[in-house]
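Visitor: Input: one structure, supplied below.
The values are calculated or read from the model by the stated rules, or taken from the named source; none is laboratory data. Please read these numbers as outputs of a predicted model, since none were measured by experiment. So basically every Cβ, Gly included, is an ideal-geometry build from the backbone, and we count neighbours across all protein chains shown.
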Amino acid sequence: MEFQTFDEHYIRQLRDGDPRVQEHFAKYFGELIYLKLRRRVRSMQLLEDIRQETLCRVLRTVRAKDGIEDARKFGAFVTGVCNFVMAEFSRSENRYEAPDRDFDEHPDATQDFDAPLISDERRKQVRKILGKLEDRDRKLLKAIFFDELPADEICRRFQVGPDYLRVLVFRAKARFKQVYVRGAGSGS
């Protein structure tokens, strides 16, 4: 990609809606935004949303009465808008929404009081499946998921390196899944 400098003429044509300049603007900055975000954003859909929003906001600013103050800094302006939009999208995706009710009120009648029972039943089912696994797989999964031991401790206990530990965990989880699926199919 070849970098470009911008001048007042380019900004004026963009403001006036010149189709050739608008196409260049969308293509040039669309590609720059893609290159900037491709490793920072987790999905192509989010990347595309940020790109579209950035381009729209920049065009809105260009067409506003005050517009762009210094055309030579247009590229930096677009990058700044992109950074702001990316931060805004990240905040909105990670925002915790507060409950609509006060905590002084009585509990919601639709609250699921069976959830603890279901969790307890699930725990029993997991333990039952673990009981059907080979000793090594059972101990490995227990160390990882129940005891939450650090990887180096698990490697020491099982006398394996970190790379082989990943293999063992993958296999143990696959065997767990097999037993689970088999049990679900037979109703036990």
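Visitor: Just checking, how many residues over region 42-71 are under 18 Å from residue 5 (Cβ atoms) and either modelled with pLDDT of 90 or more or buried (at least 16 other Cβ atoms within 10 Å of the Cβ) (or both)?
Guide: 4
Visitor: May I pose another question? Has region 114-121 got any residue that is exposed (fewer than 10 other Cβ atoms within 10 Å of the Cβ), outside any helix (DSSP H, G or I) and at pLDDT below 80?
Guide: The answer is yes, given that some residue of region 114-121 is exposed (fewer than 10 other Cβ atoms within 10 Å of the Cβ), outside any helix (DSSP H, G or I) and at pLDDT below 80.
Visitor: Another one. Would you check which residues across region 31-55 are over 19 Å from the mean Cα position of the chain (by Cα) and more than 15 Å from residue 89 (Cα to Cα) and list them?
Guide: Hits for region 31-55 are 31, 32.
Visitor: Still on this structure, I have one more. Going through region 32-53 one residue at a time, which ones are hydroxyl-bearing (Ser, Thr, Tyr) and out of contact with any Lys or Arg (no Cβ under 9 Å at 6 or more places or on another chain)?
Guide: Within region 32-53, 43 is the sole residue that qualifies.
Visitor: Now a separate question. Pick from region 134-187 the residues that are under 24 Å from residue 124 (Cβ atoms) and part of a loop (DSSP other than H, G, I, E, B): which of them is modelled with the highest pLDDT?
Guide: Per the stated criteria, the residue is 134.
Visitor: Which one of these does residue 45 not meet: (1) assigned to a helix (DSSP H, G or I); (2) closer than 16 Å to residue 25 by Cα?
Guide: Here residue 45 meets the rest and fails (2).
Visitor: If the requirement is being part of a helix (DSSP H, G or I), at pLDDT 90 or above, aromatic (Phe, Trp, Tyr) and surrounded by 10 or more Cβ atoms within 10 Å (Cβ to Cβ), which of these qualifies: 34, 28?
Guide: One residue alone meets the criteria, 28.
Visitor: Determine which member of the set 84, 89 is modelled with pLDDT of 85 or more and assigned by TED's automatic domain parsing to the domain that holds residue 26.
Guide: After ruling out the rest, the residue left standing is 84.
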